[in-house]
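Structure record follows, encoded as structure tokens.
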Amino acid sequence: MSETNWVVDPSHSYIEYTVFMNGKAPFKVYFRRLAGSLTLGEQFEDSQLSLQWVTESLDTGDKGLDKFLTSADFFSSDKISILKFVSEGISKISETQFAIKGSIQSGEKVEEVSFNSRFEGNLADMGDGKRKTGLYMATQVYPKMFDINNREIKFDKSIGIEVELELVEKVPSTQESS
């Protein structure tokens, strides 16, 4: 079996939460700093994915809301600075659709999740000996996952998580012998 290693290109990738709370229209939370890797198996089902995103890098477009969301009343970015996802299994649904099961870790709390995903396996040549590919994932989680500290917040629905990744092949370095 031939495996290749890939890394997330953070400038062409994002993690977005869609949050409904207190009966208001939903708002989007983008995490601007993220990293991750994919060990791509011969079949996508044989692959392993890991992601990390920095809670203080969230961006709603409203600095006041950003400050509130990173505070102890919400994400507690000073205590939980990184959220992590690790895949535990990938199941094929159709040629390009997969279920990626894994867990999201928020501080000490770990919650099982399943992402619906699209992976077309297109490996585009970047012209420098590297290839790139894309992966899209989406799921719904419940707010209790994040141990929200502010009891005045009433969530209307689950939180949508959408992930769009551009991955670049990590070419192993070769050492020339003298």
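Measuring only protein heavy atoms, the 1.4 Å probe finds Tyr14 accessible over about 70 Å². Hey, quick one: spin label on Lys63, modelled 7 Å out along Cα-Cβ, who in segment 1-41 has an amide N within reach, i.e. under 14 Å? In segment 1-41, the label zone of Lys63 (backbone N under 14 Å from the point 7 Å along Cα→Cβ) covers no residue.
With runs of 4+ DSSP H residues as the only contributors, calculate the mean residue ellipticity of the chain at 222 nm using -39,500 (n - 2.57) per run, divided by the residue total and rounded to the nearest 500.
Values: 1 runs with 8 residues, N = 178.
Using -39500 (n - 2.57) per qualifying helix, the result is -1000 deg cm²/dmol.
With the cut-off at under 19 Å, measuring from each backbone N in segment 3-36 to a point 7 Å along the Cα-to-Cβ line of Lys109 picks out 16-22, 29-31. Please find the FRET efficiency linking Val141 to Lys170, where r is the Cβ-Cβ separation and R0 is fixed at 35 Å, and quote it to the nearest 0.05. E between Val141 and Lys170, to the nearest 0.05, is 0.75. Here segment 79-120 is scanned for amide nitrogen atoms under 17 Å from the site 7 Å beyond the Cα of Glu56 along Cα-to-Cβ, giving 79-84, 107. Here the 3J(HN,Hα) profile of segment 121-135, calculated from phi with Karplus coefficients 6.51, -1.76 and 1.60 at θ = phi - 60°, is x, 6, 10, 7, 7, 8, x, 10, x, 9, 10, 9, 8, x, 9 Hz, Gly and Pro shown as x. Extension gain for Glu16-Ala124 works out to 36.4 nm (0.36 nm per residue, less the C-alpha to C-alpha distance). Exceedance of the 21 Å cut-off in Cα-Cα distance is limited, within the set Lys132/Lys170; Lys24/Lys109; Lys24/Lys157; Lys28/Lys63, to Lys24/Lys109.
Just the number please: accessible area per residue for segment 9-80, 1.4 Å probe, all protein chains included, in Å².
Using a 1.4 Å probe on heavy atoms only, each residue of segment 9-80 averages 50 Å².
Taking Lys and Arg as +1 and Asp and Glu as -1, the other residues whose beta-carbon sits under 9 Å from that of Arg131 total 0. Translational diffusion coefficient of segment 31-166 (Stokes-Einstein, Kirkwood radius from Cα pairs, 37 °C, 0.692 mPa s): 201 µm²/s.
Using a 1.4 Å probe and counting only protein heavy atoms, arrange Glu42, Glu108, Glu16, Glu95 so the residue with the most accessible area comes first.
Working: Glu42 115, Glu108 180, Glu16 15, Glu95 140 Å².
Ranking Glu42, Glu108, Glu16, Glu95 by accessible area, largest first, yields Glu108, Glu95, Glu42, Glu16.
Using a probe radius of 1.4 angstrom, the carbon and sulfur fraction of the accessible surface of segment 1-42 is 52%. Under the simplified labelling scheme, the Ser91-Gln43 pair shows an inter-label distance of 1.4 nm, with each label point 7 Å from Cα along Cα→Cβ.
If I take R0 = 41 Å and measure r between the Cβ atoms of Lys24 and Glu3 in this structure, what FRET efficiency does the formula 1/(1 + (r/R0)^6) give, to the nearest 0.05?
After rounding to 0.05, the efficiency reads 0.35.
The values are calculated or read from the model by the stated rules, or taken from the named source; none is laboratory data. Everything numeric here is computed off the predicted structure, so don't read it as measured data. Neighbour counts are summed over all protein chains in view; Cβ atoms, including those assigned to glycine, are modelled from backbone coordinates with ideal geometry. Heads up: the accessible areas ignore ligands, DNA and RNA and are worked out on the full protein's heavy atoms, side chains in. Shrake-Rupley method; radii C 1.70, N 1.55, O 1.52, S 1.80 Å.
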